[in-house]
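The values are calculated or read from the model by the stated rules, or taken from the named source; none is laboratory data. Owing to the predicted nature of the structure, the values given are computational and were not obtained by experimental measurement. We place every Cβ from the backbone using ideal geometry, glycine too, and count neighbours over all the protein chains shown. All accessible areas refer to the heavy atoms of the entire protein, side chains included, with ligands and DNA or RNA removed. Shrake-Rupley method; radii C 1.70, N 1.55, O 1.52, S 1.80 Å.
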Amino acid sequence: MKGERVAQLELLLRSHPEGLRRAEIARRLGVHRSTISRYVEDLSKKIDLYEDNNLIKIRVKDDEETEALSVYESLAFNMSAEMLASSMDIQNPHLASGLRKLAMNMRSYAPKVSENIFDLADKIDERLQKNRGMSSKYNKILEVLIDCWVSGHIARITTTGRNMEELEIAPYFIGFKDEASERKPITVTGRLRHTMDIVTIDISTITDAMMLDETYTIPDNLKPFKKNQEAESYDAIDMVPLTLKLKEKSALNSFSTIIHGKPEFSKNDNGELICSFEAENSIELMLRIVQSGTSVQIIKPESYKQKMLKYLESIIAQYR
């Protein structure tokens with residue numbers, strides 16, 4: 001717990017380059033003022049801290065100085081930041097941190113703009129404090145998605161916004177989505193794993209996110225893919241009552257473009273995930289199973305397993 005508090009103190013001081021009083025630090029960290037001195041002492045062993053007029057600050061090295069903006073750039077950034085803060089349902093602590101760093105750099109040549117930016121950063125912090133629990137969870141999820149986007153890793157997310165709760169997505173873009181209302185939610189747009197479907201998901205509907213080891217690349221010739229509308233009901237003459245063993249639940253995304261019934265899930269004696277549903281008896285179904293690779297294995301019916309085996313053997317024979 002102590003190490004976590006020290007890490008929070010460092011983030012807090014870096015977000016407030018102008019410095020903070022001990023009482024204010026205690027309030028923001030949610031601890032008693034008497035404990036702050038110990039945290040400051042521990043942190044000073046890692047980074048260069050100093051106290052000026054009762055304000056605890058981090059001593060900035062020369063090579064860490066921010067390049068100055070022009071007065072016009074400063075004012076444009078100030079107005080853009082105000083629009084960004086007012087359009088977001090949940091505030092982002094990194095916006096406040098970045099604003100303060102720029103405001104410190106503007107003090108000498110754009111003092112009025114600098115003061116406005118400091119005030120805006122304080123307002124963002126106040127909103128964060130009022131809604132700390134929800135904001136913290138939302139921003140942690142956003143950070144995971146940004147890390148995945150920057151590093152090119154697949155993200156596994158749990159969302160309330162789709163019929164299937166667990167999805168794996170290759171993030172292509174993170175940004176605002178225009179809606180008919182004034183609300184502009186931050187969304188992640190990307191390709192669902194095991195499919196060619198491009199989806200856009202409101203990050204506020206995501207309840208959990210983690211980075212996977214699997215990587216991806218964004219195609220140079222990326223074009224929007226149109227996803228077929230799902231029919232509410234469909235009476236087919238020839239439907240296959242499939243039972244599949246799944247290594248990865250996200251492999252079911254492969255079947256989103258074909259006619260199928262509602263999936264039903266269970267686990268076998270070995271704890272492996274089993275999924276049963278009716279699917280159209282077509283070449284598209286076979287292609288979707290091949291597309292899933294080793295993530296999907298046909299369990300039933302036996303007749304369809306044999307049909308699939310013959311299909312694969314005919315492909316292999318062609319290359320022999």
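Within segment 16-53, being without any contact (Cβ under 8 Å) to a residue 60 or more places away in the chain, under 24 Å from E126 (Cβ atoms) and not in a helix (DSSP H, G or I) holds for G19, L20, R21, G30, V31, H32, N53.
Six or more apart or on different chains, Cβ under 6 Å: which pairs go from a residue in segment 171-185 that's over 17 Å from Q91 (Cβ atoms) and modelled with pLDDT of 60 or more to one that's β-branched (V, I, T) and surrounded by 12 or more Cβ atoms within 10 Å (Cβ to Cβ)? Could you list them? Cβ pairs passing all conditions: P171/V188; Y172/T189; Y172/I218; F173/T189; K177/T187. One residue stands out among those in segment 284-304 that are without any contact (Cβ under 8 Å) to a residue 12 or more places away in the chain and open to solvent by 70 Å² or more (accessible area, probe 1.4 Å): the one that is nearest to E248 (Cα to Cα), which is E302.
Please go through segment 264-283 and pick out each residue that is touching a residue at least 12 places away in the same chain (Cβ under 8 Å), part of a loop (DSSP other than H, G, I, E, B) and more than 10 Å from L246 (Cβ to Cβ). Hits for segment 264-283 are N268, N281, S282. Is it the case that some residue within segment 256-277 is at pLDDT below 85 and within 30 Å of M134 (Cβ to Cβ)? No: segment 256-277 contains no residue that is at pLDDT below 85 and within 30 Å of M134 (Cβ to Cβ). The requirement of being open to solvent by 30 Å² or more (accessible area, probe 1.4 Å) and more than 22 Å from T189 (Cα to Cα) is fulfilled somewhere in segment 86-96, by at least one residue. So, L309, is that one at negative phi, in a helix (DSSP H, G or I) and open to solvent by 40 Å² or more (accessible area, probe 1.4 Å) or not? Spelling it out, L309 is indeed at negative phi, in a helix (DSSP H, G or I) and open to solvent by 40 Å² or more (accessible area, probe 1.4 Å). If you go through segment 247-263 and keep only what is in a loop (DSSP other than H, G, I, E, B), touching a strand residue (DSSP E or B) at 6+ places or on another chain (Cβ under 7 Å) and within 19 Å of E168 (Cα to Cα), you end up with just P263.
Restricting attention to segment 2-15, the residues being farther than 19 Å from Q129 by Cα and free of Cβ contacts under 8 Å to residues at least 12 places away in the same chain number 1.
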